[in-house]
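J.: Handing you this structure, nothing more for now.
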Amino acid sequence: MNKPIAKSDSKNEQVAFRAPDFFARSRAKLSFDVPAGLFDPNIIPASGDPGTDKMLEIVAREQPVRPAAVLIAVVDHPEPTILLTQRSAHLNDHAGQIAFPGGKIDAIDSSPLDAALREAEEEVGLSRDFVEPIGYLDLYGTAFGFRILPTVARVRPGFQLTINHSEVDDAFEVPLSFLMNPANHQVHSKEFRGMERFYYAMPFAERYIWGATAGMLRVLYERIYSS
């Protein structure tokens, strides 16, 4: 479980970042053990923000909290990056937002990993041949009724993407060193169902990375560098 969000975060902390170090730490700290909370409706996964967690408890009483899987694809460039997508503007859920490739776990998926890889192929055409899965990150709950299990993976450069515009408007890469630097982890807030909720935001150039995506990136930082 990631730490509760505070209204401010250290701006002086610096991450000693190298790709081999990141992948070595990830392999040492992650596994493919599936948490019971991914499918158990009696377990409400945490986000780290008490306001969001409270909203998820309310949502869970109204509707099932749906299992989902995403791929945190770390591209092994000399300057490593994370592959992100911008969801299509016409979608019913999270239209236009920045996200990891991923989606709901279907009955055809043999595992959360399989779901994440399938969704990455369907959304942006990322071939499994380029993906080396490393392990699952912590289960992450959202106030919109999803329990998300992220898979961290090393992606070999040289892949060609094919964007499925029915789901995704764009795909782009952000330097891992930027996303793993806590100085770039802003904390924003807004009212949701009458309660103030806090969430991480990591604006990068013209991209506004926030909400669950930024929250999972923060969990990645805490798990790999802080734990």
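The values are calculated or read from the model by the stated rules, or taken from the named source; none is laboratory data. The model shown is predicted, which means the values in this text are computed figures rather than measured ones. Cβ: placed from backbone, ideal geometry, glycine included. Neighbour counts: every protein chain shown. The area values use the complete protein model at the heavy-atom level, side chains included, leaving out ligands, DNA and RNA. Shrake-Rupley method; radii C 1.70, N 1.55, O 1.52, S 1.80 Å.
J.: Evaluate the following for residue 170: is it in a strand (DSSP E or B) and surrounded by fewer than 16 Cβ atoms within 10 Å (Cβ to Cβ)?
T.: Working: in a strand (DSSP E or B): yes; surrounded by fewer than 16 Cβ atoms within 10 Å (Cβ to Cβ): yes.
It is true that residue 170 is in a strand (DSSP E or B) and surrounded by fewer than 16 Cβ atoms within 10 Å (Cβ to Cβ).
J.: Which of the numbered conditions does residue 159 fail, given that it passes all the others? Conditions: (1) open to solvent by 10 Å² or more (accessible area, probe 1.4 Å); (2) modelled with pLDDT under 95; (3) part of a loop (DSSP other than H, G, I, E, B).
T.: (2)
J.: Hey, another quick one. Regarding residue 151, is this residue touching a strand residue (DSSP E or B) at 6+ places or on another chain (Cβ under 9 Å), in a helix (DSSP H, G or I) and closer than 26 Å to residue 18 by Cβ?
T.: Taking the combined requirement at face value, the residue does not satisfy it.
J.: Something else: Among the residues of the stretch 152-163, is any touching a residue at least 24 places away in the same chain (Cβ under 8 Å), more than 26 Å from residue 133 (Cα to Cα) and more than 18 Å from the chain's Cα centre (by Cα)? Spell out how you get there, then give the answer.
T.: Going residue by residue through the stretch 152-163, those that are touching a residue at least 24 places away in the same chain (Cβ under 8 Å) are 152-163.
Restricting the remaining residues to those that are more than 26 Å from residue 133 (Cα to Cα) gives none.
No; the residues of the stretch 152-163 include none that is touching a residue at least 24 places away in the same chain (Cβ under 8 Å), more than 26 Å from residue 133 (Cα to Cα) and more than 18 Å from the chain's Cα centre (by Cα).
J.: Next up: Which ones in the stretch 162-196 are aliphatic (A, V, I, L, M) and farther than 18 Å from residue 103 by Cα?
T.: Looking only at the stretch 162-196, we keep the residues that are aliphatic (A, V, I, L, M), and these are 163, 168, 171, 174, 176, 179-180, 183, 187, 195.
Listed by number, the residues that qualify are 174, 176, 179, 180, 183, 187, 195.
J.: Here is a follow-up. Sort out which residues of the stretch 23-40 are touching a strand residue (DSSP E or B) at 6+ places or on another chain (Cβ under 7 Å), surrounded by 15 or more Cβ atoms within 10 Å (Cβ to Cβ) and under 12 Å from residue 224 (Cβ atoms), and write them in order of number.
T.: Across the stretch 23-40, the qualifying residues are 23, 26, 30.
J.: Moving on. Give the residues of the stretch 49-88 that are assigned to a strand (DSSP E or B) and either modelled with pLDDT under 70 or in contact with a Lys or Arg (Cβ under 9 Å, 6 or more places away or on another chain) (or both), sorted by residue number.
T.: Passing the criteria: 66, 67, 68, 69, 73, 74, 75, 84, 86.
J.: With respect to residue 45, is the statement that it is at pLDDT below 90 and farther than 27 Å from residue 121 by Cβ true?
T.: No, not satisfied.
J.: Could you count how many residues in the stretch 202-211 are in a helix (DSSP H, G or I) and under 12 Å from residue 84 (Cβ atoms)?
T.: 0
J.: Give the residue that is most open to solvent (accessible area, probe 1.4 Å), with candidates limited to residues of the stretch 108-141 that are farther than 16 Å from residue 39 by Cβ, touching a residue at least 40 places away in the same chain (Cβ under 8 Å) and not in a helix (DSSP H, G or I). If you could, list the steps in order and put the result at the bottom.
T.: Within the stretch 108-141, the first condition is being farther than 16 Å from residue 39 by Cβ, and the residues that meet it are 117-135, 137.
After this cut, where a residue has to be touching a residue at least 40 places away in the same chain (Cβ under 8 Å) as well, the list is 117, 119-120, 122-124, 126, 131, 133-135, 137.
Filter once more, keeping what is not in a helix (DSSP H, G or I): 126, 131, 133-135, 137.
On the way: 126: 4, 131: 20, 133: 44, 134: 14, 135: 0, 137: 7 Å².
Checked the stretch 108-141; the qualifying residue most open to solvent (accessible area, probe 1.4 Å) is 133.
Each row is one residue, and each column tells you yes or no for (1) crowded, with 16+ Cβ neighbours inside 10 Å; (2) part of a strand (DSSP E or B); (3) of a type in the set (A, V, I, L, M).
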residue	(1), (2), (3)
166	no, no, no
174	yes, yes, yes
177	yes, no, no
187	yes, yes, yes
190	no, yes, no
197	yes, yes, no
200	yes, yes, no
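J.: While we're here: Looking at the stretch 133-146, is at least one residue closer than 25 Å to residue 225 by Cβ, touching a helix residue (DSSP H, G or I) at 6+ places or on another chain (Cβ under 9 Å) and among the acidic types (Asp, Glu)?
T.: yes
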